[in-house]
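A short write-up of the structure that comes next.
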Protein chains: 2
Amino acid sequence: MELIGMLDSPYVRRVAITLRLLDVPFVHRPLSVFSTFDAFSRINPVVKAPTLVCDDGQTLMDSTLIIDHVESMTGRSLMPTDRMERQRALRIVGLALAACEKTVQIVYEHGLRPPEKMHEPWLRRVRVQRAAAYEALEAELAPPSAATAAGSLDQAAVTTAVAWHFTQRMQPGEIDPLRHPRLAALSAAAEQLTAFRALPHA
Amino acid sequence: MELIGMLDSPYVRRVAITLRLLDVPFVHRPLSVFSTFDAFSRINPVVKAPTLVCDDGQTLMDSTLIIDHVESMTGRSLMPTDRMERQRALRIVGLALAACEKTVQIVYEHGLRPPEKMHEPWLRRVRVQRAAAYEALEAELAPPSAATAAGSLDQAAVTTAVAWHFTQRMQPGEIDPLRHPRLAALSAAAEQLTAFRALPHA
């Protein structure tokens, strides 16, 4: 299968790292939904990253749905099977995806329109939502465990680590690492793992 | 469990209809992420609709993750179990969610900022992506079958029907029903079903 999209998208990166952690071989094609819109469009006319091109050529989009597909095809998963543990993992993934979405909205507001078209009330609203997501994530996180260092991250940890690194790279310091020490520590540990180092934000 | 959010959100509505079709009891609290931001914030500080309040009080967000939770708690699902059928359903759900996202982006551009802050190149880009999503959905859809009329919709059909109805209600005629006859027919059949009639766009 082929994974289309750049690793500066947290959605692309969470899928790529998940594939790697599940030992699923894939070809990565880092096309941009902006600078290579037309080339992307020829693979998926909706121009959504990530796009997964399945072995039979069918294209899937949406990171969570792509991970569902990979789980269904391989019988492997980074999600807990215990129902209550799974509920907690889904809560954390939801928070981390919300944090990503809010950072993307801020990036788009600054990057895709001229300054006079930016709307400060929108940016304020999104920042409040993002701060709440990271505050809730920090509260949810147990201190990084030995399991994290050993590389057996679950989907909640992968998505949280990717979200944190993305926001820090795109808007350094806007979410203060000193006020989110568990998130900062999880991210630092995760970025040392082979799967994360092989698939860096870029 | 409690489902928080208004049914004019296609993400809220797909969850509500899924719960109903799976016979999962829930309380619906139609709070707005805009007009009742503070009340919503007290339930989920990230202010994301839909939010699901689980029986133990934990809150989940993101429609796909909420549906995953409901499936895991009940052992019931609207997704096919056959791997290739599931792949196709995931493709359709991804297209339908992309169509929803693009309509939401257009609604937000018009509704959440003054006219002088609107950015036409952004709207053009989003409209191109949305048109591609609906074109692909139309191509994917088999003509509505007897099963549809009998109420045994799968998740692909539910999300597609909700997406189509949402876009038509918010921006009538922008996606031409005459050029998407299968989508229009699926939507018309779905909106006659008890689950859809009980949970109308509003």
**OP:** For region B:38-62, name all the residues that are open to solvent by 20 Å² or more (accessible area, probe 1.4 Å), within 23 Å of B:G111 (Cα to Cα) and within 8 Å of chain A (Cβ to nearest Cβ).
**Re:** B:S41, B:P45, B:K48, B:D62
Original post:
So which of B:L153, B:L112, B:L123 ends up being open to solvent by less than 70 Å² (accessible area, probe 1.4 Å), modelled with pLDDT under 95 and of a type in the set (A, V, I, L, M)?
Top reply: B:L153
Original post:
In region A:73-80, is there at least one residue being touching a strand residue (DSSP E or B) at 6+ places or on another chain (Cβ under 7 Å) and either farther than 17 Å from B:E140 by Cβ or at the interface with chain B (Cβ under 10 Å from one of its Cβ atoms) (or both)?
Top reply: no
Original post:
Taking region B:19-46 on its own, how many of its residues are of a type in the set (A, V, I, L, M, F, W, C) and under 26 Å from A:E85 (Cβ atoms)?
Top reply: 7
**OP:** Scan region B:63-71 and give yes if some residue there is within 8 Å of chain A (Cβ to nearest Cβ), free of Cβ contacts under 8 Å to residues at least 12 places away in the same chain and not small (G, A, S), otherwise no.
**Re:** yes
Original post:
How many of the residues making up region B:167-202 are out of contact with any helix residue (DSSP H, G or I) (no Cβ under 6 Å at 6 or more places or on another chain), more than 28 Å from B:Y108 (Cβ to Cβ) and crowded, with 18+ Cβ neighbours inside 10 Å?
Top reply: 1
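Given the residues B:R124, B:R86, which is the only one that is away from chain A (no Cβ under 11 Å), without any contact (Cβ under 8 Å) to a residue 12 or more places away in the chain and in a helix (DSSP H, G or I)?
On the way: B:R86 fails: away from chain A (no Cβ under 11 Å).
Residue meeting the stated conditions: B:R124.
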Original post:
Does A:A132 satisfy the criteria of being open to solvent by 10 Å² or more (accessible area, probe 1.4 Å), within 22 Å of A:A185 (Cβ to Cβ), within 20 Å of the chain's Cα centre (by Cα) and within 8 Å of another protein chain (Cβ to nearest Cβ)?
Top reply: yes
Subject >> In region B:68-91, the residues that are farther than 15 Å from A:E71 by Cβ, in contact with a helix residue (DSSP H, G or I) (Cβ under 6 Å, 6 or more places away or on another chain) and open to solvent by 10 Å² or more (accessible area, probe 1.4 Å) >> reply: B:L78
Original post:
Do the conditions hold for A:A146, that is, is it within 15 Å of A:H180 (Cα to Cα) and either at the interface with another protein chain (Cβ under 10 Å from one of its Cβ atoms) or at pLDDT below 95 (or both)?
Top reply: no
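The values are calculated or read from the model by the stated rules, or taken from the named source; none is laboratory data. Fair warning: this is a prediction, and the values are worked out from it, not measured in the lab. Backbone-built Cβ (ideal geometry, glycine too); neighbour counts: all protein chains shown. Protein only, heavy atoms only, side chains kept; ligands, DNA and RNA dropped before computing areas. Shrake-Rupley method; radii C 1.70, N 1.55, O 1.52, S 1.80 Å.
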